[in-house]
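Working notes, structure below.
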Amino acid sequence: MDKKIITERILLVDDSKTLSKLISLKVKSELNVEIDIAYSLAEAELFTKKYTYTLAILDLNLPDAPNGEVVDVILKKNIPSIVLTGSIDKEFRKAMLKKEIIDYVHKGGLDDIDYVIDIIKRLLKNRHHKVMVVDDSSVFRNQMKKMVENLFFQVFALAHGEEALLILEQHPDIKIIITDYNMPVMDGLELTKAVRQKYTKNQLCVFVLSSTEDSDVSAMFLKRGANDFINKPFSKEEFSCRICNAIEALENIDMITNFSHRDFLTGLYNRRHFFTVMESYFQAAGAQDETFVTAMIAMDNFKSINATYGHDCADNAIIHISEIIRSELQYHDIVARFEGEEFCVVLKDTGRENGLDVLEHLRQKIACTPLINTQGEEIFVSVSIGAIVEHEDSFAETINEADAQLYQAKTAGGNKLCVV
């Protein structure tokens with residue numbers, strides 16, 4: 001029978017109907033994924049013949065599998081698994097963790113269920129992140145690769161630091177590097193120093209794994225920019241917690257940074273960050289004789305729309321215009337919301353004729369694309385655009401000249417493009 005492929009589907013195997021229902025409700029409400037419940041190993045096997053699963057949550061004590069047999073069966077089907085158990089036997093726990101499971105959770109109460117939900121949320125986010133494992137031992141490198149892949153990360157496995165730097169050039173969005181210390185060609189310390197020349201701790205996390213007992217080595221790495229240092233051998237649980245905490249910290253930093261750079265309403269750059277980006281671009285473009293077009297854009301009759309339809313509709317009109325602007329520009333162009341109904345656009349590597357064609361098309365597209373309000377009414381808005389092609393000595397002066405052209409377009413009745 002062909003499997004029915006679903007983007008996100010979880011298999012829960014537990015003979016407790018009360019607990020299964022509770023977990024199922026929380027998964028559906030908090031994760032927005034499909035979940036199937038099996039009350040025995042036999043039922044679980046039937047489900048796996050029908051569906052493809054993102055992961056499984058497994059109880060160790062089932063009527064037809066009282067000694068954790070379900071774990072081996074599900075893992076053989078290449079379904080990543082979280083184990084639930086009422087047992088707190090330390091040796092049994094160690095035996096389970098030797099298997100390629102994601103985690104081992106004691107089901108003692110609601111807090112433990114919340115912990116399982118948090119694990120799944122973390123795993124689903126991890127799939128969007130890239131991790132690099134660097135170790136000259138192929139055995140350990142492959143072990144680490146499997147361990148990190150089991151946490152749903154995208155993984156690159158390499159033998160030494162020089163290879164790692166080449167891959168980092170090709171994949172600058174790698175978020176974590178896990179490296180050994182002693183390696184040929186380029187060791188872990190040299191790799192850490194090279195990485196820190198381009199990436200800060202808040203951009204890329206460096207984990208060092210080493211079998212050394214010399215405390216000076218860990219201090220040396222931390223001073224050179226490593227985020228963390230773990231001695232071999234180490235606990236799988238400890239490693240998993242540390243790497244997930246590290247990626248979560250990077251996500252939080254990215255989110256805070258994004259909030260500080262972006263306009264809260266449109267998601268475009270805010271005025272302050274726009275000027276920061278443009279100051280360096282303006283200088284670089286001047287040095288390379290790159291042509292670009294700068295334009296100030298403002299919605300016409302904004303106060304009238306605000307007074308007639310209300311603040312929410314006026315905000316939606318701003319969002320409406322921002323989305324059209326973004327959709328009509330190239331990915332490398334720069335656009336920001338300055339304040340109120342005003343935007344600034346920089347068309348990179350663009351000459352006069354092409355740049356003005358883009359802006360004129362943009363003006364027409366906004367004018368003929370209605371905004372639909374909450375009552376289903378079509379509201380047509382327009383914009384005035386002031387553009388400058390021959391730039392001034394500074395970007396601030398360039399903006400002032402574009403703003404003057406915008407004033408001319410508004411004075412002429414709006415819905416016009418004026419250029420100098």
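How many residues are open to solvent by 30 Å² or more (accessible area, probe 1.4 Å) and of a type in the set (Asp, Glu) if we restrict to segment 263-285?
1
Given the condition in a helix (DSSP H, G or I), among the hydroxyl-bearing types (Ser, Thr, Tyr) and open to solvent by less than 30 Å² (accessible area, probe 1.4 Å), answer yes or no: does some residue in segment 174-189 qualify?
No: zero hits.
Filter segment 326-361 for residues that are of a type in the set (Lys, Arg) and either part of a helix (DSSP H, G or I) or in contact with a helix residue (DSSP H, G or I) (Cβ under 7 Å, 6 or more places away or on another chain) (or both); which is modelled with the lowest pLDDT?
ARG352
For residues in segment 11-24 being part of a helix (DSSP H, G or I) and farther than 18 Å from TYR53 by Cα, which is least open to solvent (accessible area, probe 1.4 Å)?
LEU19
Could you tell me whether ASP114 is charged (D, E, K, R), out of contact with any Leu (no Cβ under 6 Å at 6 or more places or on another chain), open to solvent by 40 Å² or more (accessible area, probe 1.4 Å) and modelled with pLDDT under 95?
In short, yes.
On the given criteria, is ILE321 at pLDDT 95 or above and within 26 Å of the chain's Cα centre (by Cα)?
yes
Restricting to segment 390-420, count the residues that are modelled with pLDDT under 90 and either assigned to a strand (DSSP E or B) or buried (at least 18 other Cβ atoms within 10 Å of the Cβ) (or both).
2
Can you tell me which residue among ILE372, ILE334 is of a type in the set (Val, Ile, Thr) and either touching a residue at least 24 places away in the same chain (Cβ under 8 Å) or touching a His at 6+ places or on another chain (Cβ under 8 Å) (or both)?
Matching residue, one of ILE372, ILE334: ILE334.
Based on this model, can you work out whether ASP214 counts as free of Cβ contacts under 8 Å to residues at least 12 places away in the same chain and either exposed (fewer than 14 other Cβ atoms within 10 Å of the Cβ) or within 28 Å of LYS121 (Cβ to Cβ) (or both)?
yes
Of the residues that sit in segment 220-246 and are aromatic (Phe, Trp, Tyr) and at pLDDT 90 or above, which one is most open to solvent (accessible area, probe 1.4 Å)?
PHE229
Please pick out the residue among LEU209, LEU250, LEU165 that is among the aliphatic types (A, V, I, L, M) and within 20 Å of the chain's Cα centre (by Cα).
Unique residue meeting the criteria: LEU250.
Just a yes or no: is a residue in segment 247-262 within 30 Å of GLY351 (Cβ to Cβ), assigned to a helix (DSSP H, G or I) and either open to solvent by 30 Å² or more (accessible area, probe 1.4 Å) or touching a Phe, Trp or Tyr at 6+ places or on another chain (Cβ under 9 Å) (or both)?
yes
Would segment 64-80 turn up any residue that is assigned to a strand (DSSP E or B), hydrophobic (A, V, I, L, M, F, W, C) and either open to solvent by less than 70 Å² (accessible area, probe 1.4 Å) or at pLDDT 95 or above (or both)?
Checking segment 64-80: at least one residue is assigned to a strand (DSSP E or B), hydrophobic (A, V, I, L, M, F, W, C) and either open to solvent by less than 70 Å² (accessible area, probe 1.4 Å) or at pLDDT 95 or above (or both).
The values are calculated or read from the model by the stated rules, or taken from the named source; none is laboratory data. Because the structure is predicted, anything quoted here is derived from the model rather than measured. Glycine gets a Cβ as well: all are built from the backbone with ideal geometry, and neighbour counts include every protein chain shown. Just the protein is used for accessible areas: all its heavy atoms, side chains included, with ligands, DNA and RNA removed. Shrake-Rupley method; radii C 1.70, N 1.55, O 1.52, S 1.80 Å.
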